[in-house]
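Here's the structure we're looking at; comments come further down.
Each value in this text was obtained by applying a stated rule to the coordinates, not by laboratory testing. As the structure is a computational prediction, the values presented were derived from the model and not from experiment. Here Cβ is always computed from backbone atoms with ideal geometry, including for glycine, and neighbour counts include all displayed protein chains.
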Amino acid sequence: MAPVGRHVPDADERRFLLPTDAPLLGIIAEKGEPETLKIQAKASLKRGEMTAADLPELLVFIAPYAGYPRAAALVMPGEEVISEAPGDNTETSAGAD
């Protein structure tokens, strides 16, 4: 007999779906706020909610919704955040456990 109810993703599955700050960063991107994006992305990296590899992917995902000019304007600030990030933030949080 199959379990009753819906499947609840575990931590690894949730990590794969979207970074925790994805909705917030999406709103910031839509508003075209590069400095705010840098602040929030740095905080998300520091908390381990996102990796440095997630940020460019998130900007690509956001582009059709926020508009390509706004997303493109956030690429350089995103690259600055990645270059300033301490250590190797390219591993997934699942690998850090």
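Whole-Hz Karplus values for the stretch 74-81 come out as 9, 5, 5, x, x, 5, 4, 4 Hz, taken residue by residue from phi with 6.51 cos²θ - 1.76 cosθ + 1.60 and θ = phi - 60°; glycine and proline positions read x. Across the stretch 67-73, coupling constants 3J(HN,Hα) worked out from phi with the 6.51/-1.76/1.60 Karplus curve, θ = phi - 60°, read x, 4, x, 5, 5, 5, 5 Hz, and Gly and Pro carry x.
With neighbours defined as other Cβ atoms within 10 Å of a residue's Cβ, the residues Ser44, Ser83 order from fewest to most as Ser83, Ser44. Largest first, the extents of the alpha carbon coordinates of the stretch 32-85 on the three principal axes equal 28, 18, 15 Å.
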